[in-house]
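The block underneath contains the structure these notes are about, expressed in structure tokens.
Throughout, read-outs are computed from the coordinates displayed, never taken from laboratory work. Remember, it's a predicted structure, so these values are computed and weren't measured experimentally. Using ideal geometry, Cβ is built from the backbone for each residue, glycine included, and neighbour counts are taken over all protein chains shown.
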Amino acid sequence: MKTNPCIEQSEQNILHTYNRFPVVFEKGDGVYLYDVEGRKYLDFAAGIAVNALGYNHPSFTRALQEQSQKLIHISNLYYNVPMIEAGSRILGISGMDKVFFTNSGTEAIEGALKAAKKYASSRDGRAGHSIIAMNHSFHGRSVGALSVTGTPAYREPFEPLMSGVKFADFNDFDSVIALMDDSVCAIIVEPIQGEGGIYPASPEFLQNLRKLCDEKDILLIFDEIQCGMGRTGYYFAWQEYGVKPDIMTCAKALGCGFPVGAFLLNAKAASSSLVPGDHGSTYGGNPLACAAVSQVIDIFEQENLTGHVRELTPYLEEQLDKLAESFPFIKARRGKGFMQGLVLEDIPVGQIISRALENQLLVISAGGNVLRLVPPLVIEKEQIDEMAEKLRDSLAGN
Ligand SMILES: *Cc1c(COP(=O)(O)O)cnc(C)c1O
């Protein structure tokens, strides 16, 4: 089927919750995608920071193929070997103590919020605890995750949501202090805000949150769903900051396209929170998902992908800074590693993204008017050059 009939049929059948770009993808290889017309695109979107290994990575697809022939699903009523292996792999790279596997980022957030509430109620024997979240944060679309998402327009049609959520300003510790009282059981924050517009936390902000949580015996939750899994040149962004959370969420690149997420807890949070009967998932951590996780981590290690990101980041930043210097409507570049944003002014980001698509380059937006680049972690220097050239043309209006 060609592009136009595909789009027509899709719009007839699929609930219109996305304004999609007019392209139908068929397959991918390396860091390139091919549409149904056979056109080739350079991918700096990676399925929204998911496809860290690009497409059709041989040992990744082989691992999925092999596991699918053995066992795809068995319920959480039984043990399975891939979950045991994936558990030890993810604890190994994170230094956390326990993990619960989910099917998505949103579900990882749900579990993290429940664990924090349970920790507080086991401590003081009552319910009714509140949570501090950040303005411009994004944690997902379910009712619980939406409740801590700091974009009022996403929340308002669905209110009342989960009660007891208060919003502070990101990177403004005083605004957090102003919301503190005895009801607060957790603070949830993205070390680098993704959907909100690629805002890295300041080191002092995270350090101060850590101290505050320790003083008050409340839990610090880091949402590493977008900034984690090597994106910043570290397995998890907090590892560079040197500030460790009590609970951490992970998804997106965790399965490199296979839907899987996780929330991880330190021993303190794990030992007095969720117990049998408190939480569950039919699919969460099924053998196929967990085989994907273990293989992703194996490949990250074999290919030293975090080292690769750290090595290429200065070059990527240099090319983006050159673009920012050439076009006065680019106000700033923000980000870390392979999670970069160009802040635009006086020109709609959608227009640049559409032109880039015509130039066979995929980029996405974030926040109000930020051009977001979250390429596969396996890109090489030549592809950064190719991106810079295509993006320059798109910014110049060609
Ligand atoms: C994408 C994202 C989520 C939601 O994950 P889903 O897999 O879409 O449910 C939550 N938090 C952050 C920081 C994200 O980027």
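For every residue, the table says whether it meets (1) touching a residue at least 60 places away in the same chain (Cβ under 8 Å); (2) out of contact with any Leu (no Cβ under 7 Å at 6 or more places or on another chain).
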| position | (1), (2) |
| --- | --- |
| Asn4 | no, yes |
| Ile7 | no, yes |
| Ile14 | no, yes |
| Thr17 | no, yes |
| Glu26 | no, yes |
| Val31 | yes, no |
| Val36 | no, yes |
| Asn51 | yes, yes |
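Can you say whether Gly125 is under 15 Å from the mean Cα position of the chain (by Cα) and not β-branched (Val, Ile, Thr), as far as the supplied structure shows?
On the way: under 15 Å from the mean Cα position of the chain (by Cα): no; not β-branched (Val, Ile, Thr): yes.
It is false that Gly125 is under 15 Å from the mean Cα position of the chain (by Cα) and not β-branched (Val, Ile, Thr).
Residue under question is Thr249, and the condition is that it be of a type in the set (Ser, Thr, Tyr), touching a residue at least 60 places away in the same chain (Cβ under 8 Å) and farther than 20 Å from Ile188 by Cα; does it hold?
Working: of a type in the set (Ser, Thr, Tyr): yes; touching a residue at least 60 places away in the same chain (Cβ under 8 Å): yes; farther than 20 Å from Ile188 by Cα: no.
In short, no.
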Applying the selection to segment 63-100, what residues are of a type in the set (Ser, Thr, Tyr), over 15 Å from Leu265 (Cα atoms) and part of a helix (DSSP H, G or I)?
-> Ser68
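Go through segment 101-172 and tell me which helices (runs of 4 or more DSSP H), entirely inside it, have 1 or more residues that are more than 27 Å from Ser202 (Cα to Cα) and more than 10 Å from the ligand (Cβ to nearest atom). Working first, answer last.
Working: elements: 105-124, 143-147, 152-155.
Once the helices (runs of 4 or more DSSP H) in segment 101-172 are filtered for at least 1 residues that are more than 27 Å from Ser202 (Cα to Cα) and more than 10 Å from the ligand (Cβ to nearest atom), what remains is 105-124, 143-147.
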Residue count, segment 224-246 (criterion: within 23 Å of Val184 (Cβ to Cβ) and touching a Pro at 6+ places or on another chain (Cβ under 8 Å)) | 4
Given the conditions (1) more than 18 Å from Met387 (Cβ to Cβ); (2) buried (at least 17 other Cβ atoms within 10 Å of the Cβ); (3) touching a strand residue (DSSP E or B) at 6+ places or on another chain (Cβ under 8 Å), and given that Ile297 satisfies all but one, which numbered condition is not satisfied?
-> (3)
Sole residue being touching a helix residue (DSSP H, G or I) at 6+ places or on another chain (Cβ under 7 Å), surrounded by 15 or more Cβ atoms within 10 Å (Cβ to Cβ) and among the small types (Gly, Ala, Ser), chosen from Ala49, Ala45 = Ala49
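Working carefully through the options Leu113, Leu71, Leu77, find the one that is touching a residue at least 60 places away in the same chain (Cβ under 8 Å) and surrounded by fewer than 21 Cβ atoms within 10 Å (Cβ to Cβ). Outline the logic, then answer.
On the way: Leu113 fails: surrounded by fewer than 21 Cβ atoms within 10 Å (Cβ to Cβ); Leu77 fails: touching a residue at least 60 places away in the same chain (Cβ under 8 Å).
Every option except Leu71 fails the conditions.
If you go through segment 138-162, how many residues are polar (S, T, N, Q) and in contact with a strand residue (DSSP E or B) (Cβ under 7 Å, 6 or more places away or on another chain)?
We begin by selecting, within segment 138-162, every residue polar (S, T, N, Q); these are 142, 147, 149, 151.
When the remaining residues are screened for being in contact with a strand residue (DSSP E or B) (Cβ under 7 Å, 6 or more places away or on another chain), the result is 147.
The qualifying residues number 1.
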Using beta carbons and a limit of 8 Å, which pairs, at least six apart or on different chains, have the first residue in segment 123-142 and without any contact (Cβ under 8 Å) to a residue 12 or more places away in the chain and the second one of a type in the set (Lys, Arg) and more than 15 Å from the ligand (Cβ to nearest atom)?
-> Ala127/Lys117
